[in-house]
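This report concerns only the one structure given below.
What follows draws every value from the coordinates through simple rules; no lab data is involved. Given the structure is predicted, the values throughout are model-derived calculations rather than measurements. Here Cβ is always computed from backbone atoms with ideal geometry, including for glycine, and neighbour counts include all displayed protein chains.
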């Protein structure tokens with residue numbers, strides 16, 4: 001095989017609202033974090049462990065406008081695209097790198113009803129729960145129950 005392939009397929013939950021940036025020529029870019037989870041059972045402790053991986057998603061032009069209009073924090077989405085690493089300088093002049101997913105295709109997986117429920121839950125004040133502790137730094141992502149071996 002003489003060719004190469006740069007392809008990413010993700011199913012996850014939005015960690016924040018879509019942030020838009022508009023350009024003078026009429027183009028735009030939308031950015032949002034996407035959380036994917038891996039769940040397994042630790043064989044020594046027999047405890048269920050969930051690891052969350054965060055991905056920076058970049059969507060351009062019409063796709064970005066559609067994402068901004070219909071997606072909100074917590075929604076489940078299928079993203080297809082390619083990896084792109086950017087090099088930039090921080091305020092101190094140090095070279096920094098960030099790897100993003102340049103989205104070429106997406107499919108909304110959360111129904112309109114589920115999306116409205118997420119919006120209502122975010123708008124209403126939350127009741128403190130005595131038995132659960134939540135991390136302040138990361139958004140809560142629903143756990144999926146699947147029996148896949150990988």
- Footprinting proxy, 82, 96, 31: sorted fewest to most Cβ within 10 Å, the residues are 96, 82, 31
- Multiply the residue gap between residue 120 and residue 108 by 0.36 nm, knock off their C-alpha separation, and tell me the result in nm, one decimal place. 2.4 nm
- Task: Report the dimensions of the stretch 8-123 along its three principal axes from the alpha-carbon atoms, largest first, rounded to Å.
- Result: 55, 41, 27
